[in-house]
Amino acid sequence: MTDETAPAKKPKKKRLTRLQLERRRMIMRSLGAGAAVVTASLVGWYPVLNRMFDRLRPPGALVEDKFLAACIKCGQCVQVCPVQAIKLGDSDEGYGLGVPYIDARSQACDFSCDAVQCVLACPTGALSHEIATKEEVTMGVARLARPDRCLAMKGEGFKGVVQGPDFEGMLRYEEIDRWEPIKVADHPYDLELCDLCVRECPIEGAISLVAMSEGDGEHRFVPTITDKCVGCGTCEMMCPTEPAAIVIDTEMSLGETS
């Protein structure tokens, strides 16, 4: 008769003390919080790093990376703009949330303030305090993006109101009121040849109409942008075609192609 070997007893699992359990919970919570912060940071930076939102920045804005670092999203530039051209970024822009930008098609910066009030209002220098006049601004550069839509290139005029009677955009017409901008929809045009991009440009010599041909009896002209263009977007806002024949290339997009 053989002796059966008794099964070995499993060692009892050591129970953690209440203090040890609490320490473990704290470590897990810290790791979870850290992961959440890293994830949120990546989500916040994703739109910025991938430049998903190519924004036209207000006059005097530093190069994009420095601008985002310097801007404290205080909204002072928004408050002083006489035509309410400056908007603040939405939540889908990640860390661009609350950062000022201009949508030129809906409301351009026409320098109705006679200087650069947004620059003076900026408390951090995100809008460079070295800018003193509108001619010193470099927001971007106008470009004839859709020549097939340009009325001047077709030799056509324009009659009516730019962007329709419901358009909310504002512009200062010095011949009407030197100080107060009015709704574009309140100022109808009757032009034999469309020259709105030139006529309403606030920077003298920034854009002109150049004859496409001579001696053929046709009156067709091409809008030509000069190095005086500061990218304010007035030409884009005032272009009567839809979509606009002329657009603004931002400093960011120009940097990518250079």
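The values are calculated or read from the model by the stated rules, or taken from the named source; none is laboratory data. It should be emphasised that the depicted structure is a prediction, and the values quoted were computed from it without experimental measurement. Because the Cβ atoms are built from the backbone with ideal geometry, glycine has one as well, and the counts that use them run over all protein chains shown. SASA here: full protein model, heavy atoms, side chains in, ligands and nucleic acids out. Shrake-Rupley method; radii C 1.70, N 1.55, O 1.52, S 1.80 Å.
Structural remarks
- Mean separation of Cα contacts under 8 Å, 6 or more apart, over the residue count of the range 64-257: relative contact order %: 25 percent
- FRET efficiency estimate (nearest 0.05) - Cβ-Cβ, residue 136 to residue 26, R0 41 angstrom: 0.15
- Segment residue 219-residue 175, length gained on full extension (0.36 nm per residue, minus Cα span): 13.1 nm
- Computed 3J(HN,Hα) for the range 78-92, one whole-Hz value per residue from the Karplus formula 6.51 cos²θ - 1.76 cosθ + 1.60 where θ = phi - 60°, is 5, 5, 9, 6, x, 10, 6, 6, 8, 10, 10, x, 8, 5, 6, glycine and proline marked x.
- The range 119-196, accessible area per residue, ligands and nucleic acids excluded (1.4 Å, Å²): 56 Å²
- Stokes-Einstein diffusion for the range 102-258 at 25 °C, viscosity 0.890 mPa s, with a Kirkwood radius from C-alpha pairs, works out to 149 µm²/s.
- Split the accessible area of the range 131-171 by element, probe 1.4 Å, and carbon with sulfur accounts for 50%.
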